[in-house]
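A short worksheet on the structure shown next.
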Amino acid sequence: MSDRLSYEEKKSLPDSVFGLPERREYPMPDAAHVRAAEAYFRYCPDDLKPQLARAILQRAHEFGVDVESPVVLSYAGQ
């Protein structure tokens, strides 16, 4: 899988791999996309940041990714 997901690839992903599943935003099907979600976290609406932060940490744990952003960690309550 490349760094960029095509529309068809994104459409075929289950809701469970998205940081914001109800909006189908921030797909994290692999470690590279977990890092991308961390990098683009600042663009998330403020009211959804806690939910996205927790999802990033959960997916990061599954893929063995170290989340380094203090902002993501603080929104996740870490």
Theoretical ellipticity at 222 nm over the chain - DSSP helices of four or more residues, -39500 (n - 2.57) apiece, nearest 500: -13000 deg cm²/dmol
Taking N as the number of residues in region 27-78, what is its Cα Rg relative to 2.2 N^0.38 Å? 0.98
Just to be sure I understand the model, the point goes 7 Å from the Cα along the line to the Cβ. What's the resulting S74 to S6 distance in nm? 4.1
FRET efficiency estimate (nearest 0.05) - Cβ-Cβ, E62 to D15, R0 22 angstrom: 0.90
Test of understanding: in a Gaussian network model of the chain with alpha carbons linked when under 10 Å, which of P50, P29, P14 would top the mean-square fluctuation ranking? P14
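Bear in mind that the values in this text are calculations on the coordinates, not laboratory data. Given the structure is predicted, the values throughout are model-derived calculations rather than measurements. Using ideal geometry, Cβ is built from the backbone for each residue, glycine included, and neighbour counts are taken over all protein chains shown.
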